[in-house]
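Notes follow the structure.
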Amino acid sequence: MLLLTLVLVPFIGSIIAACLPANARNGEAVLTGAIALFGLLLTAPLYPQISGGAIERYQAEWLPGYGVSFALRMDGLAWLFVILVLLIGLLVALYARYYMSPADPVQRFFSFLLAFMGSMLGVVLSGNLIQLVVFWELTSLTSLLLIGYWHHRIDARRGARMAFTVTATGGLCLLVGVLVLGHIAGSYELDAVLAAGDKVRAHSLYVVALVLVALGALTKSAQFPFHFWLPHAMAAPTPVSAYLHSATMVKAGVFLLMRLWPTLSGTPEWTWIIAGAGTCTMLVGSFLAIFQHDLKGLLAYSTISHLGLITVLLGLGTPLALVAAVFHTLNHAIFKASLFMAAGIIDHETGTRDMRQLRGLYRMLPYTSTLAIVASAAMAGVPLLNGFLSKEMFFAETALVGGTEDWNMSIAAVAMGIFSVTYSLRFISVFFGQPARDLPRVPHEPPRWMRFPVEFLVLLCLVVGAVPGPSVGPILHMAVVSVLGQATPAYELAVWHGINLPLLMSIVALVGGIAIYIVLRKYYGLLQSDQAPVLYRFNGARMYERIMTYLQLGASSLVKWLGAQRLQPQLLLMMLMLVGAPLLLVWPLPVLSAMPLTEIDPLFALMWFIGAACAIAAAWQAKYHRLAALILVGGTGIVTSLSFLWLSAPDLALTQLMVETVTTVLILLGLRWLPPRITPRELNIDVPRRVWLRRARDLLIAVAGGLGMAAVSYAVLVRPPPQSIGDFFLLHSLSGGGGTNAVNVLLVDFRGFDTMGEITVLAIVALTVYALLRRFRPAPESIAVPIQQANDVDPAVGQAPDEQANSGYLMVAGVYLRFLLPFMMVAAVYFFLRGHNLPGGGFVAGLIFAVAIITQYMLAGTNWVESHIRVRPHDWIACGLAAACLTGLGAWVFGYPFLTSHTSHLTLPLLGEIHVPSAFFFDLGVFLAVVGTTMLILVALAHQSIRGHRLTAGGAIPETVSTKEAI
């Protein structure tokens, strides 16, 4: 539970922070810092047992059928990253308290920050690959919110979209990669995958898995060619930059490579992909950093170069290279977080980050300048600072891998070292020279506690650089052992190893960087240029924008080709897809076997002939008389219901019959909105040839669609399965579900979760229809009321003479048919109670009950029904969903999986022994939800249909008519 608490508390804090009053910087900062401190207090005491080789675990079943569980796992590597995430998070919370303006929505900032912290902890502690990807994508989503925090700025929105697009696309690749890894290893549990290294590397899908996982890691850690998103993410507030780009988001990629190092490393493919990308990244990033003019832009490209250095070390594949990679990850987090915060202080105090304007800051900001200079020296790899040690280990590994024959990697490493010294000097240059006098603000030292995080991190740079063994040695060893195990090499963390090749490479890097900086200062124009030499032609952001533009143009073209404002072209495309896709799935079609005519029942054939005749006649009548067409369509639906009944499917027959009834009422209500249709013959015009061609095309498509669906149905029916799924449910419905009606048991027991999802979707659709119709009023010209009929309205009674005569008959019939309501309610209760063992159930009963109510609307009118029957569809929907959920939760209370059904037999006075399944209450929820959704749609539609406009000679006069007139 300790690990679960560690992950959940930041998310809970995120919700609390979002609910705090606006501009309450103290409360939100204290909450964020307290959560980070709480996590540190939970994690730090685990050091003794973790360092001893133990692994802290938490596991809960998630998707046991797929071998996926919610697992948390903390070993030495995870412990180190958790400490980094929480410690830097604590310092950033303190720093943000003073950096953020009172005018900013600070509660939103700290809410996003805590959500990101929880997501990052989830990535680090995940013991399951699928779960790791879920948290991985959460980091992309929360970083989108953080980078785009100042959403009123174009650069913030652009940077947020760019970062999210690149990292989320890499996350999709990672998802496919871990699916392949799980397939190879036979499990998605991290322990099983790490133990299956030899099996994975020998598998034919190894390269596929490696490339996909590498895409996820390289995009997240801004490696070439995906590095372009990180500089644009500098539009975020500086506390965000300090957190995301030092210890969290960009480190997620290298953490993943470290985590899967035992499984994927050790092959030429690993070295070429990982080390190759890292080499390009560290050279490109370090070179471009020299020519940046924004302080945060320089730090962004320097972050890219150092992430490339770590990636190169991981790609080399040697155990000592992994040690150096973990060590430099720790060092980079320390000095880069302090540098970002120092840059934020400069921006906060001077009002600018442009290095072309900043100079002589040491006189005005002596303490901040000293801290920033020390941190920059650590970034450059100056001796006695932490960056020097890990960079010297990097030089040693590149020299070792290349040997005496191949110096390419060593040359690249020294070149990166030279460039890093140069851009570090460029950063330091703003503190010297004559003080600038044209700054937006008069600079002064920041508040004491705003500077404290920088002081603390710079102190760590000094301590680790001076006494690395006692200070960081045990933690580094613990993290390395958790990855390498018994393959952990012998190494020594010391400031002095004698005069050797790595030391000479470090000296060359320092001297060369100073020399290049002096040359660039002499030729001042190179540092003032807006474009970096040579590499300005290769702009990844421009390529990204071009790709996004092409995608947008392609999407617009697809919408133009496949979308249409008219309904008919959309139906045409849908029909083609519905016909073509199933045929491809069952192609080639089975040969139609000869069927003796003696096996065809003449009555059944006659029934189908009637249904086909109704369908054809409906299509023909639709041109002239819509009501007649609707009646004929209803005849087709009745024939379909009888076919189900003929084939021994009474449940389907009942459902089809009631659905047909409700659909007929729905279309009846909609017919009023359609304008009167005038045939070309009435207008004495000839039908154009193109109209006949279109109708012929539609006829052919309709015939092809019917034949295609018939062919698909036939192919499915004649395909011999190993065991019919129907046989399984017929065999187990009584023993497993406690009922003899296999259809109902299937819906409320075996597939109860699916049914719950269906009624939820049904409720959402009903609420959507209701919301759309609330403010919609049909235009006067859309009401199909003939002008002549409207002119014949009797002003005294508001009805035409023929309507007055007919209304009397309708009133008499309505009075007598009101007694139909209790009988239909009894029928609904009857079908509901018998549903578990005989044809019926909550769905059919709900439709019967809904039809009973809508019948009263049709016969008695809206006003009478709503004054005598309190119909509250929203309450029915809410009670139905609540009953279904509570039934499932009741199983949890007794220790069973969600929606597990149980049956009991009760003996009651007078009634005797009765059969009571728990699925009864779930079916009750289905009944209530179906009644509520059906009533909400039909009544909402009826209310819109009766609120029309009567046309008179003088114009349009709004008038509300009764529902029976509308229908």
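A short reminder: the numbers here are calculations on the coordinates, not readings from a lab. This is a predicted model, so every value here is computed, not measured. Reconstructed Cβ throughout: ideal geometry from the backbone, glycine too, with neighbour counts over all protein chains shown.
For the set K220/K391; K199/K220; K296/K391; K251/K336; K296/K522, the pairs lying more than 19 angstrom apart at their alpha carbons are K220/K391; K199/K220; K296/K391; K296/K522.
A cut-off of 5 Å between modelled amide H atoms, ignoring neighbours fewer than 5 places along the same chain, links T903 with S918. The stretch 171-316 has equivalent-ellipsoid semi-axes of 30, 15, 11 Å, by the square roots of 5 times the alpha carbon gyration tensor eigenvalues, sorted largest first. Under the simplified labelling scheme, the A487-L707 pair shows an inter-label distance of 6.3 nm, with each label point 7 Å from Cα along Cα→Cβ. Gain on full extension, evaluated as 0.36 nm per residue between L699 and I667 minus their Cα-Cα distance, stands at 9.2 nm. Charge dipole (Cα centre; +1 on Lys/Arg Cβ, -1 on Asp/Glu Cβ; no other charges) of the stretch 308-418 amounts to roughly 440 debye.
With contacts defined as alpha carbon pairs under 8 Å and 6 or more residues apart, what's the relative contact order of the stretch 288-357 in percent?
39
Would you please state which residues of the stretch 389-408 a label at L504 would reach in this model, taking the label point 7 Å out along Cα→Cβ and a backbone N cut-off of under 16 Å? Under 16 Å, as judged by backbone N against the label point of L504, lie 395-408 of the stretch 389-408. Per-peptide packing, taken as the mean over residues of other Cβ atoms within 10 Å, places 545-551, 182-188 in the sequence 182-188, 545-551 from highest down. In this structure, R356 and W62 have a Cβ-Cβ separation that, at R0 = 56 Å, corresponds to a calculated FRET efficiency of about 0.55. Evaluating kT/(6 pi eta Rh) at 25 °C and 0.890 mPa s, with the Kirkwood radius of the stretch 268-530 over Cα pairs in the Stokes-Einstein relation, gives 130 µm² s⁻¹.
Packing around the peptides 310-318, 353-361, 766-774, taken as the average count of other Cβ atoms within 10 Å per residue, puts them in this order, highest first: 310-318, 353-361, 766-774. If R0 is 60 Å, the Cβ-Cβ spacing of V463 and T760 corresponds to a FRET efficiency of close to 0.55.
Label-to-label distance for H183 and L647 is 3.5 nm, based on points extended 7 Å past Cα in the beta-carbon direction. Model label points for A612 and A415, set 7 angstrom from Cα along the Cα-to-Cβ axis, are 7.8 nm apart.
The simple Förster model, with R0 at 51 Å and r as the Cβ-Cβ distance, assigns A54 and Y550 a FRET efficiency of 0.45. Taking a ≥ b ≥ c as the square roots of the eigenvalues of the Cα gyration tensor, the stretch 20-169 is oblate, since a/c reaches 1.5 or more and a/b is not larger than b/c. In whole Å, what is the distance between the alpha-carbon centres of the stretch 276-295 and the stretch 300-315? Result: 9 Å between the Cα centres.
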